Amino acid sequence: MVDDPGGPVGRAAWGARAYGLIALMWIRSTMTYRFSFVMTLLSNAVANFFDFVVILMMFTHVRGLGGFSFAEVAFLYGTTGTAFGLADLAIGQVGKVGRRVRDGTLDTLLVRPVPVLAQVAADRFALRRLGRVTQGLLVLVWSLVVLDGVEWTPLKVAMVPLMTLTGALIFGSLMTAGAAFQFWAQDGAEVANSFTYGGNTLLQYPPSVFAGDLVRGVVYVVPLAFVNWVPALYVLGRDAPAGLPSWAAFAPPLVAAVCVAAAGLAWRAGLRSYRSTGS
């Protein structure tokens with residue numbers, strides 16, 4: 001047994017340190033074959049860029065989409081793509097916990113003096129996923145250069161990096177909650193992906209092109225809208241979706257904190273419900 005790290009803060013710091021050490025081990029392993037890593041990174045970035053190519057081709061036939069210009073849609077794409085990429089890089093591996101539950105390999109993680117979530121999230125840390133982050137950032141920076149009519153203020157400037165960070169926390173929370181669900185439904189990875197990968201695709205487009213019920217669902221039920229729709233529309237000088245007040249643009253940090261807390265509770269409940277294979 002190891003000494004208790006003492007309190008939630010101590011346990012969080014302990015878990016973060018363990019996560020960093022495990023991730024560093026896999027990074028060193030990846031960098032052993034640097035040419036292979038570079039090629040994989042580039043192919044990952046190019047593959048993700050085809051999502052944006054679809055939007056680009058769409059705008060060769062139309063001047064606007066739901067009242068939004070190409071630069072505005074690119075801004076939405078870049079913010080959600082960067083946020084999702086960061087979450088996928090940091091904690092995307094938790095989606096494979098269902099497989100560990102099925103084959104019993106989760107038992108080996110339970111006996112180690114390291115938080116299970118840190119082990120699962122950092123296992124086989126895939127540095128190649130930086131390709132998705134890089135591609136999202138490139139589109140985001142380009143959109144900021146070509147955006148017209150935005151009255152930039154210090155608050156709006158600060159809102160751009162803030163929404164990518166809080167968006168990453170919201171996506172990461174959904175990934176963790178989806179992983180917790182797999183303790184009961186071992187084959188439930190696709191259900192979780194519908195909210196994470198599906199949510200990322202949804203947020204690439206303006207809310208005005210979707211049905212009102214769907215928009216209200218991602219605002220008031222699963223708060224994906226706070227990843228980029230709510231703060232991004234404030235930056236673009238547009239009304240918030242689903243009848244939200246204007247001050248809701250500043251709520252993403254609070255929403256992210258609530259999502260992180262809820263995901264933590266879900267993970268602990270799922271882990272407590274786990275029954276060892278006994279082998």
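Bear in mind these aren't lab numbers, they're just calculated from the coordinates by the rules spelled out. Treat the numbers as computed from the prediction; the structure is a model and nothing was measured. All Cβ positions, even for glycine, are placed from backbone atoms using ideal geometry, and neighbour counts span all protein chains on display.
At-a-glance table
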{"read-out": "Check on residue 67, of a type outside the set (A, V, I, L, M, F, W, C) and in contact with a Ser or Thr (Cβ under 8 Å, 6 or more places away or on another chain)", "value": "yes"}
{"read-out": "Complete set of residues in the stretch 182-194 that are more than 17 Å from residue 93 (Cβ to Cβ) and aromatic (Phe, Trp, Tyr)", "value": "184"}
{"read-out": "Candidate set from the stretch 144-199 (those that are surrounded by fewer than 19 Cβ atoms within 10 Å (Cβ to Cβ) and under 12 Å from the mean Cα position of the chain (by Cα)); member that is nearest to residue 98 (Cα to Cα)", "value": "193"}
{"read-out": "Cross-chain or 6+ apart pairs with Cβ under 7 Å, the stretch 102-115 first and free of Cβ contacts under 8 Å to residues at least 40 places away in the same chain and outside any helix (DSSP H, G or I), then among the polar types (S, T, N, Q) and surrounded by 15 or more Cβ atoms within 10 Å (Cβ to Cβ)", "value": "112/119"}
{"read-out": "Residue in the stretch 78-85 that is surrounded by fewer than 23 Cβ atoms within 10 Å (Cβ to Cβ) and part of a helix (DSSP H, G or I) present", "value": "no"}
{"read-out": "Criterion (small (Gly, Ala, Ser) and under 23 Å from residue 187 (Cα atoms)) met by exactly one of 66, 92, 78", "value": "92"}
{"read-out": "Sole residue being part of a helix (DSSP H, G or I) and under 18 Å from residue 91 (Cβ atoms), chosen from 202, 162, 174, 155", "value": "174"}
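Residue-wise test of (1) touching a residue at least 24 places away in the same chain (Cβ under 8 Å); (2) of a type outside the set (Gly, Ala, Ser); (3) under 19 Å from residue 117 (Cβ atoms); (4) in a loop (DSSP other than H, G, I, E, B).
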{"site": "179", "(1), (2), (3), (4)": "yes, no, yes, no"}
{"site": "214", "(1), (2), (3), (4)": "no, yes, no, no"}
{"site": "217", "(1), (2), (3), (4)": "no, no, no, no"}
{"site": "239", "(1), (2), (3), (4)": "no, yes, no, yes"}
{"site": "242", "(1), (2), (3), (4)": "yes, no, no, no"}
{"site": "260", "(1), (2), (3), (4)": "yes, yes, yes, no"}
{"site": "269", "(1), (2), (3), (4)": "yes, no, yes, no"}
